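Report on the structure given below.
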Amino acid sequence: MSKTTVTGSLIDLQIDPNSALPKYQQIAGHLRGAIEAGRIPAGIKLPSTRIFAEELGVSRNVILQAFDRLIDEGLLSSRIGDGTYVLALVLGKPDLAALDSKTLTASEHYPFRSLSRRGKSLVASATDAFPERPTAFMPDLPDLREFPIKTWLRLLNETSGRLRGEILADTSNAGYEPLRRSIAHHLNISRGMTCTSDQVIITTGSQQGLDLVSRMLFDPGDPIWLEEPGYVGARSIFSANGASLCPIAVDEQGLCIEQALARHPSPRLIFTSSSRHYPLGATLSLQRRSALIELASRCGAWIVEDDYDHEFRYVGHTPTSIHGLDGGQRTIHLGTFSKILLPSFRLGYVVVPPDLAEPFAKARAVVDRHASLIEQMVLSEFMHRGLLVAHIRRMRNLYRARQVRLIGGLRDIFDNGLRLSATDTGMHVIIPLDQSADDQAIAKEAMEHGVVLRPLSPYYAGRQKRQGLLLGFSAYNLDEIEQGLTRLSRLKTTIDPMLAI
């Protein structure tokens, strides 16, 4: 028998003092209805008669009488010293699937049950095209096995003792103050910024940050510059919030600003992954960073800088962030810890201009108050003790060695003339394909051989799509990369004729 227990009544038991029915019959009737409707499933242990009586304000004998009646009906079973359990219905149990079917059919004809236009847009913009499983060569995943779990658990143990009522009450809507200070310190050193902790808003990841920015900085119908190709998550959020999307081409220097101005001269918001364009890997040049800042100042646009994985650069130095260069303070800087630590680690941040700090914090409170406090406290300690920087350095060296091995293996399979892109930074490389190729069909065939290749074309919103394959390396050790290359070599005859010249 299941030991799952209903520790309180958890049932809408309303006793009518004016009813002609005795109280025990009313209680038995409520329980019977809940059991037959499936609201109390078979195997559940009901609360003790004492607890039940206290909650309902009746004598214990009333509950005993109600239980005895249901035991006689075969709905409950009671054992001395063990408790009272709900039994499975043999006869008379309603067909829940049929009920669901009837309800669904009825709802289709009910005129006021449709989603709002914004709700429909949100559902339509959702994507589940790319499963997040660490199978070679799924891109953009950190190595889960290299996460310093023992250190993290030790800090969790140390920190949990400080989690008292006053901390819960005093935590700002913008997030845990020590963590915000640590993030500001980290960004000022590593990204050339001059922000304070007041400007840092803690979010539950980059998607919430983008949604918050969308709600605060543009209205439905406003024109938004979006990189083409670009991050599908940003496209989905902006579309769901009613933006008029303006896809802007990307070349080796990043966003093509001059081309964009000729077609869409007055954007309300400009989204750019400046340190490493996603997915092509280009770094926005200093000249174009300056041009974006000048444009934003001139037309009153906001720049949203997605700095999702600037830590993983293997050639040269990461240029100063747009936020650090923007004296006019028209830049919103987004960051996340999911690429550095774990994909399931749902903490990110938004750095806003000083005059937007209070409005953003208030809006953040409306959304969901604040992110998990204990995770914020542990991450704060992790950063304060220099452990995050040490972890980043270690993973950068590890990922670089894996990237080198993957590139070498690909050139062994497809000859040394193979062209690769997105090799200076990040957690994946790209095999460019000829425009006659079908990257999605190749990815599907690769899956049949046990290899995950992510197609490039779905990152394009327009009709003109480049063909290519994204291969990740960060989540796989050298042995796993070798095994993946062996499986990939079986696709040589499929991929070879499709390689871009």
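The values are calculated or read from the model by the stated rules, or taken from the named source; none is laboratory data. All of these numbers come straight from a predicted model, not from anything done at the bench. A quick note on method: Cβ atoms are made from the backbone with ideal geometry, for glycine too, and the neighbour counts reach across all protein chains shown. Just so you know, the surface numbers come from the protein's heavy atoms only, side chains and all, with ligands and any DNA or RNA stripped out. Shrake-Rupley method; radii C 1.70, N 1.55, O 1.52, S 1.80 Å.
A compact table of results
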{"read-out": "Extension gain (nm, one decimal) between ASN477 and ARG400, 0.36 nm per residue minus Cα-Cα", "value": "26.6 nm"}
{"read-out": "Summed side-chain charge close to PRO148 - residues other than PRO148 whose Cβ falls under 14 Å, Lys, Arg +1, Asp, Glu -1", "value": "+3"}
{"read-out": "Normalised convex hull volume, region 381-441, alpha-carbon set, Å³ per residue", "value": "113"}
{"read-out": "Heavy-atom accessible surface of the chain: percent carbon and sulfur, 1.4 Å", "value": "52"}
{"read-out": "Region 215-260: translational diffusion in µm²/s, Stokes-Einstein, Kirkwood Rh over Cα pairs, 4 °C, 1.567 mPa s", "value": "117"}
{"read-out": "Rg(Cα) / (2.2 N^0.38 Å) computed for region 344-501, rounded to two decimals", "value": "1.37"}
{"read-out": "Derived scalar couplings ³J(HN,Hα) [region 225-234; Karplus, 6.51 cos²θ - 1.76 cosθ + 1.60; whole Hz; x for Gly, Pro]", "value": "6, 9, 4, 10, x, x, 5, 5, x, 5"}
{"read-out": "Other-chain or far-sequence residues with amide H under 5 Å of LEU76's (modelled H)", "value": "ILE71, LEU87"}
{"read-out": "Fraction of beta bridges assigned by DSSP in the chain that are antiparallel (%, nearest 5)", "value": "60"}
{"read-out": "Pairwise FRET efficiency - VAL123 versus ASP72, Cβ, R0 = 56 Å, nearest 0.05", "value": "0.70"}
{"read-out": "Under Karplus coefficients 6.51, -1.76 and 1.60, residue-wise ³J(HN,Hα) of region 321-335 in Hz, glycine/proline x", "value": "4, 4, 4, x, 8, 7, x, x, 6, 10, 10, 10, 9, 10, x"}
{"read-out": "Cα gyration tensor of region 176-296 - equivalent ellipsoid semi-axes, whole Å, descending", "value": "25, 19, 13"}
{"read-out": "Nitroxide proxy distance, nm - points 7 Å out along Cα→Cβ at GLN287 and ASP16", "value": "8.3"}
{"read-out": "Accessible area per residue, Å², region 241-387 with all protein chains present, probe 1.4 Å", "value": "37"}
{"read-out": "Neighbourhood charge, 13 Å Cβ-Cβ cut-off, centred on GLY221 and excluding it, Lys, Arg +1 and Asp, Glu -1", "value": "+1"}
{"read-out": "Given the chain, longest segment not containing exposed loop GluC sites (Glu not before Pro) (DSSP; at most 15 other Cβ within 10 Å)", "value": "253-501"}
{"read-out": "Rg followed by Dmax, in Å, when region 334-404 is reduced to its Cα trace", "value": "15.3, 46"}
{"read-out": "Note, ³J(HN,Hα) from phi for region 307-314, Karplus 6.51, -1.76, 1.60, rounded to Hz, x at Gly and Pro", "value": "9, 6, 8, 5, 5, 9, 10, 10"}
{"read-out": "Calculated FRET efficiency for the pair TYR460/ALA365, C-beta based, R₀ 45 Å, to 0.05", "value": "0.75"}
{"read-out": "Cα radius of gyration and Dmax for the chain (Å)", "value": "28.8, 91"}
{"read-out": "Tensor-based shape of region 262-375 (alpha-carbon gyration tensor, a/c under 1.5 rounded, otherwise prolate or oblate)", "value": "oblate"}
{"read-out": "Shape call, region 12-96: gyration tensor on alpha carbons, a/c limit 1.5", "value": "oblate"}
{"read-out": "Length gained when the stretch LEU89-ILE51 is fully extended (0.36 nm per residue, less Cα-Cα span)", "value": "11.1 nm"}
{"read-out": "Neighbourhood charge, 10 Å Cβ-Cβ cut-off, centred on TYR24 and excluding it, Lys, Arg +1 and Asp, Glu -1", "value": "+1"}
{"read-out": "Full-extension gain in nm, SER160 to SER489, via 0.36 nm per residue minus C-alpha separation", "value": "113.5 nm"}
{"read-out": "Where the Cα pairs of region 346-386 fall when distances are cut into 5 Å bins, in %", "value": "5, 18, 23, 22, 19, 10, 2"}
{"read-out": "Over the chain: helical MRE at 222 nm, DSSP H runs n ≥ 4 each giving -39500 (n - 2.57), nearest 500", "value": "-13000 deg cm²/dmol"}
